[in-house]
Amino acid sequence: MTRLALPLSEERPGLSGRLDEAWRHRIFYLFVAPFAALTILFGIWPILLSIQVSFTASASALKPSPVYVGLANYASVLADPIFLASLARTLLYTALSVVANLAFALAFATLLDSTLLKRGNLFFRLAIFLPVVTPDVAGYVVWRWLYDRSFGAINAGLELIGLPAFGGLSSPNTALLAVLIAELWHHAGFYVIIFLANLSIRDKALEEAAHIDGATTWQRWRYVILPQLRPALLINTVYALIQFLKTFTVVVVMTKGGPSDQTNFVSYYAYQLFDQGRYGEATAMASILFAIVIGISLTAFRIGDRRQP
């Protein structure tokens with residue numbers, strides 16, 4: 001059976017159109033190309049190399065010809081009770097941190113947007129955003145000093161007003177809370193700015209109509225303002241999930257995973273194994289955490305998209 005040869009334009013009717021469209025947008029692609037190249041070189045390529053290392057024996061992982069061991073590193077990691085405990089702790093800490101940060105940021109942004117803080121509004125905006133641009137290490141060193149049981153300012157203030165001392169970083173019962181507060185101080189301002197940006201573009205005519213219809217302040221906020229904040233809620237939720245699932249710097253500076261492993265999250269535990277030369281297991285942990293981050297983030301995006309009006 002003879003097949004008739006068709007011209008290229010007929011075999012691929014959309015090819016020339018796509019090429020023409022790409023040429024029309026050549027300036028856009030010209031500006032995007034350097035950033036795309038940097039993302040591939042310093043973002044995607046290291047991730048792929050890390051995943052590759054997770055399938056090799058630690059002793060040969062960094063050699064030109066590594067020995068591949070299949071899923072042995074993943075099996076070892078998943079059988080490690082310390083890793084499983086750190087994973088559960090990471091998920092719990094992420095859930096608490098996301099709720100605490102977004103609730104605080106939403107309340108603070110609503111307060112800044114209201115008429116209650118007309119005077120000094122700029123000061124409070126700067127004050128809440130300043131920790132975001134403060135270097136992580138410098139901020140957490142100050143918090144470690146504030147939490148000190150002997151000479152920290154927090155316990156000195158509590159003692160001054162007759163309240164019991166706060167265990168802070170030295171007590172297994174309060175270490176997680178202490179880390180959460182320090183991270184809230186550092187990150188909440190970013191979420192506040194996102195909420196404020198969304199509040200500034202909302203449709204205020206809807207609020208006026210609801211007010212005329214007799215809706216209370218709470219009803220206007222709950223049924224008129226909050227639904228318009230869904231894009232900001234989605235962005236902040238996904239960013240916060242990614243941020244807190246990979247919590248690392250605050251642990252290195254403030255707790256080193258202690259006390260009693262109460263702040264030993266997956267990122268820090270993987271770092272410890274990598275420092276011990278257990279490269280295969282460390283990168284396997286990092287790959288598992290990466291998969292969890294991607295999975296949770298995509299799930300949050302899907303849920304947010306379905307709830308869009």
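Given N residues in segment 163-307, what is Rg(Cα) / (2.2 N^0.38 Å)? Provide the component values of the computation, followed by the final result.
On the way: Rg = 20.5 Å, N = 145, 2.2 N^0.38 = 14.6 Å.
Normalised Cα radius of gyration, segment 163-307: 1.41.
Per residue of segment 36-44, what does 6.51 cos²θ - 1.76 cosθ + 1.60 with θ = phi - 60° give for ³J(HN,Hα)? Whole Hz please, x for Gly and Pro, Karplus curve as stated.
Per-residue couplings from phi come out as 5, 5, 5, 5, 5, 6, 9, x, 5 Hz.
With a Cα-only, solvent-free Debye model of segment 166-249, what are the log10 I(q)/I(0) values at q = 0.12, 0.21 Å⁻¹?
Debye curve over Cα of segment 166-249, log10 I(q)/I(0) at q = 0.12, 0.21 Å⁻¹: -0.54, -0.96.
Pairwise over distinct Cα atoms, reciprocal of the mean inverse distance: report the Kirkwood radius of the chain in Å, one decimal place.
23.6
Suppose accessible area is computed on protein heavy atoms with a 1.4 Å probe; arrange HIS187, HIS25 from highest to lowest.
If we order HIS187, HIS25 from most to least accessible, we get HIS25, HIS187.
So if each residue of separation counts as 0.36 nm, and I subtract the Cα-Cα distance between PHE28 and LEU91, what length gain in nm does that give?
Answer, rounded to one decimal: 18.7 nm.
Just to be sure I understand the model, the point goes 7 Å from the Cα along the line to the Cβ. What's the resulting VAL132 to LEU111 distance in nm?
Rounded to a tenth, the inter-label distance reads 1.7 nm.
Taking θ as phi - 60°, what are the ³J(HN,Hα) couplings along segment 208-224 by the Karplus curve (6.51, -1.76, 1.60), each to the nearest whole Hz, with x for Gly and Pro?
5, 5, 5, 5, 5, 7, x, 6, 6, 4, 5, 5, 5, 5, 6, 9, 10
Based on a Kirkwood Rh over C-alpha pairs, give the Stokes-Einstein translational diffusion coefficient of segment 38-147 at 37 °C and viscosity 0.692 mPa s in µm²/s.
173
Hey, how much of the P(r) for segment 239-289 falls beyond 19 Å, as a percent of Cα pairs?
25
Kirkwood Rh over alpha-carbon pairs of segment 17-61, then Stokes-Einstein at 4 °C and 1.567 mPa s: what D in µm² s⁻¹, rounded to an integer?
D, rounded to a whole number, is 99 µm²/s.
Please list the non-local residues whose amide H lies under 5 Å from the amide H of THR56, H modeled 1.01 Å from N, same-chain partners needing a gap of 5 or more.
VAL69
Please give the solvent-accessible surface of VAL252 in Å², to the nearest 10, using a probe radius of 1.4 Å with every protein chain present.
The value for VAL252 is about 40 Å².
Between ILE212 and SER150, with labels modelled 7 Å along Cα→Cβ, what's the label distance in nm to one decimal, could you check?
Taking the two extended label points, one gets 6.8 nm.
For segment 81-159, what % of the accessible area comes from carbon and sulfur atoms, probe 1.4 Å?
Ligands and nucleic acids excluded, carbon and sulfur give 74 percent.
List, in order, the whole-Hz ³J(HN,Hα) value for each residue of segment 67-77 obtained from phi through the Karplus relation with A = 6.51, B = -1.76, C = 1.60 and θ = phi - 60°; use x for Gly and Pro.
8, 8, 10, x, 9, 4, 5, 5, 5, 5, 5
How long is the gain from ALA205 to PHE248 if the chain were fully straight, where each residue apart is worth 0.36 nm and the alpha carbon distance is subtracted? Mind showing how you got there, number by number?
Values: separation 43, 0.36 × 43 = 15.48 nm, distance 4.45 nm.
Between ALA205 and PHE248, full extension yields an extra 11.0 nm.
Which shape class, rounded, prolate or oblate, goes with segment 26-97 when its Cα gyration tensor gives a ≥ b ≥ c as root eigenvalues, a/c under 1.5 marks rounded, and past that a/b bigger than b/c marks prolate?
Oblate, because a/c is 1.5 or more while a/b does not exceed b/c.
Under the rule of -39500 (n - 2.57) per DSSP H run of 4 or more residues, summed and divided by the residues of the chain, what mean residue ellipticity at 222 nm is obtained, to the nearest 500 deg cm²/dmol?
One gets -21500 deg cm²/dmol as the mean residue ellipticity at 222 nm.
The values are calculated or read from the model by the stated rules, or taken from the named source; none is laboratory data. As the structure is a prediction and not an experimental result, all values here were calculated from the model. In this analysis, Cβ positions are derived from the backbone assuming ideal geometry, glycine residues included, and neighbour counts consider all displayed protein chains. Ligands, DNA and RNA are excluded from the accessible area calculation, which covers all protein heavy atoms including side chains. Shrake-Rupley method; radii C 1.70, N 1.55, O 1.52, S 1.80 Å.
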